Amino acid sequence: MNILLNGYFDKNFGDDAMQEIVVKHLSKHNLYVNCDRLEMLAHLEKYDNVHIGSYPDRIDMFLNVIGTGFLYKTRYAKVTKFLELMVKRTNKYPRMALVDCSFEHFSSKLEKWLVKKSVQKYDFITCRDKISYGFLKTNVKKSQIFKFNDIVFTGDYIRSSDRNCLGIAPVNRAKSETNYLYYKELARFADEYIRSKNKDVKLFAFDSGNENDILAVMSIKNLMKYADRAKIVAYNSDIDDFVREFAECEVIIGSRFHSVVLAVMNGLKTIAVFDNKKIERLCDDFNITGIKKEDLTAEKLMDRVDNYKHYRIDVSDANGHIKALDEFMEN
């Protein structure tokens, strides 16, 4: 089968891992992928069944592996998407599948309508939380719809290692006026962890593309007193190397959804610092310790570490995304 693969291409660990899992599973099929910036596809270059920058005469299925990809928060995003829906004729392929999606809180009725129109074209959809599932069941009537835990839980991303350092995975929010205070508190916490526990720190940039978490980790390191004991680890399309570095941590402070997922997979002590619904839902589902970003202080983080309570987890259904996709493709 010839499959046109779509997704979020931004040197983002989580999205690259999602795509890798699907590509590996569909090894008997040809997947065609392209984007304006080919450097964002480096994680797919090693797979023989992936063809970058070329298209066959016939596409049998459009496959979108996207996560939280339907975001129209800004006025520009809303106008652009509205014009696309009104003017641009959407290509209709024999089969259209959307895998592992989730939705944030809608900022307006217009954004909700735009998302609704965007997902109604799919014949098959899997999502990863009950709120997204409820939205889909209410608004998408002609699709097969399923809910499973995040597909990355099925990946080969568990590593045995000596765990002897603190890991921090911050997020950079473009044009946010609160970034600095958030970075400052994480830097204060990192310094206190080093001082009180005599352990080093790794600062993980889960997105090194347009979202630019490298700016976040550099800012935190610049604000630290013990910056010489902090190592920056930026994701650069090498999933295995990034996971190996990550698994060496004993505690993870995560603001990226897949930093929390990866920490849980490896059984690490995990504290989420969140400003979005997808991480909040993950914390609620698994009883993961979390702090709202707006409430963050170094003292609160250290208290969570010193009085840590481990999560409860059952992600045995996470392979349902792949199983359901197989059934859809076979029928």
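Selection of the range 18-49 for residues being within 18 Å of ALA97 (Cα to Cα) and outside any loop (DSSP other than H, G, I, E, B) yields MET18, GLN19, GLU20, ILE21, VAL22, VAL23, LYS24, HIS25, ASN30, LEU31, TYR32, VAL33.
PHE103 meets the conditions (1) among the hydrophobic types (A, V, I, L, M, F, W, C); (2) part of a loop (DSSP other than H, G, I, E, B); (3) open to solvent by 20 Å² or more (accessible area, probe 1.4 Å); (4) under 30 Å from ASP238 (Cα atoms) in every case but one. The failed one is (3). Filtering the range 50-61 for residues that are of a type in the set (Gly, Ala, Ser), part of a loop (DSSP other than H, G, I, E, B) and crowded, with 17+ Cβ neighbours inside 10 Å leaves an empty set. Test ASP241 against the stated conditions and say whether it is out of contact with any Cys (no Cβ under 8 Å at 6 or more places or on another chain) and surrounded by fewer than 17 Cβ atoms within 10 Å (Cβ to Cβ). Taking the combined requirement at face value, the residue satisfies it. Candidates are the residues of the range 251-310 that are part of a strand (DSSP E or B) and of a type in the set (Ser, Thr, Tyr); the one that is nearest to ASP213 (Cα to Cα) is THR270. Annotation note: of GLU177, GLU185, GLU192, the sole residue that is acidic (Asp, Glu) and surrounded by 19 or more Cβ atoms within 10 Å (Cβ to Cβ) is GLU185.
Among residues of the range 45-57 that are within 9 Å of ASN34 (Cβ to Cβ), those with a beta-carbon under 6 Å from a residue that is at pLDDT below 95 and open to solvent by 50 Å² or more (accessible area, probe 1.4 Å) at least six positions away or on a different chain give the pairs GLY53/ASN34.
Of a type outside the set (Val, Ile, Thr) and closer than 22 Å to ASN149 by Cα: which single residue out of GLY53, GLY69 fits that description?
Details: GLY53 fails: closer than 22 Å to ASN149 by Cα.
Exactly one residue qualifies, and that residue is GLY69.
For the range 265-294: of the residues being touching a residue at least 60 places away in the same chain (Cβ under 8 Å) and among the charged types (D, E, K, R), which is most open to solvent (accessible area, probe 1.4 Å)? Step by step, filter the range 265-294, then rank; the result is GLU294. Pairs are defined by a Cβ separation below 6 Å, a sequence spacing of at least 6 or placement on different chains, a first member in the range 308-331 that is farther than 15 Å from VAL260 by Cβ, and a second member that is assigned to a helix (DSSP H, G or I); the pairs so defined are ASN319/THR154; HIS321/ILE151; ILE322/HIS25.
Considering only the range 196-213, how many residues are in a helix (DSSP H, G or I) and either open to solvent by 50 Å² or more (accessible area, probe 1.4 Å) or free of Cβ contacts under 8 Å to residues at least 24 places away in the same chain (or both)? Even if it seems obvious, please write down each step before you answer.
Here is the first cut: in the range 196-213, the residues in a helix (DSSP H, G or I) are 196-197, 213.
Cutting the leftovers down to either open to solvent by 50 Å² or more (accessible area, probe 1.4 Å) or free of Cβ contacts under 8 Å to residues at least 24 places away in the same chain (or both) gives us 196-197.
Matching residues across the range 196-213 total 2.
Could you tell me whether ASN64 is surrounded by 11 or more Cβ atoms within 10 Å (Cβ to Cβ), free of Cβ contacts under 8 Å to residues at least 60 places away in the same chain, touching a strand residue (DSSP E or B) at 6+ places or on another chain (Cβ under 6 Å) and polar (S, T, N, Q)?
Yes: the conditions hold for ASN64.
Return the total of residues in the range 160-195 being under 23 Å from LYS225 (Cβ atoms) and among the small types (Gly, Ala, Ser). Total meeting the criteria: 4. Residue count for the range 311-331 satisfying the condition of being part of a helix (DSSP H, G or I) and either at pLDDT below 95 or open to solvent by 80 Å² or more (accessible area, probe 1.4 Å) (or both): 3. Pairing residues of the range 216-230 that are under 9 Å from ALA187 (Cβ atoms) and open to solvent by less than 80 Å² (accessible area, probe 1.4 Å) with residues that are assigned to a helix (DSSP H, G or I) and modelled with pLDDT under 95, at Cβ distances under 6 Å and at least 6 apart in sequence or on separate chains, gives no pairs at all.
Taking the condition of being open to solvent by less than 10 Å² (accessible area, probe 1.4 Å) and either in contact with an Asp or Glu (Cβ under 6 Å, 6 or more places away or on another chain) or closer than 15 Å to LEU85 by Cα (or both), how many residues in the range 106-125 meet it? So that I can check it myself, show each step before the final result.
Our first condition is that a residue be open to solvent by less than 10 Å² (accessible area, probe 1.4 Å); within the range 106-125, this holds for 111, 114-115, 118-119, 122, 124-125.
Filter again for either in contact with an Asp or Glu (Cβ under 6 Å, 6 or more places away or on another chain) or closer than 15 Å to LEU85 by Cα (or both), leaving 111, 114-115, 118-119, 122.
Going through the range 106-125 one residue at a time, the tally reaches 6.
Do we find a residue being touching a Phe, Trp or Tyr at 6+ places or on another chain (Cβ under 6 Å) and assigned to a loop (DSSP other than H, G, I, E, B) anywhere in the range 3-10? Full working, then the answer.
Here is the first cut: in the range 3-10, the residues touching a Phe, Trp or Tyr at 6+ places or on another chain (Cβ under 6 Å) are 4.
With assigned to a loop (DSSP other than H, G, I, E, B) added as a condition, the list becomes none.
Within the range 3-10, not a single residue is touching a Phe, Trp or Tyr at 6+ places or on another chain (Cβ under 6 Å) and assigned to a loop (DSSP other than H, G, I, E, B).
Of the set (1) under 22 Å from the mean Cα position of the chain (by Cα); (2) surrounded by 13 or more Cβ atoms within 10 Å (Cβ to Cβ), all apply to LYS130 but (2).
The values are calculated or read from the model by the stated rules, or taken from the named source; none is laboratory data. These numbers were taken from a predicted model, which means no experiment stands behind them. Here the Cβ is made from the backbone with ideal geometry for all residues, glycine too, and neighbour counts use every protein chain on show. Only protein heavy atoms, including side chains, enter the accessible area calculation; ligands, DNA and RNA are left aside. Shrake-Rupley method; radii C 1.70, N 1.55, O 1.52, S 1.80 Å.
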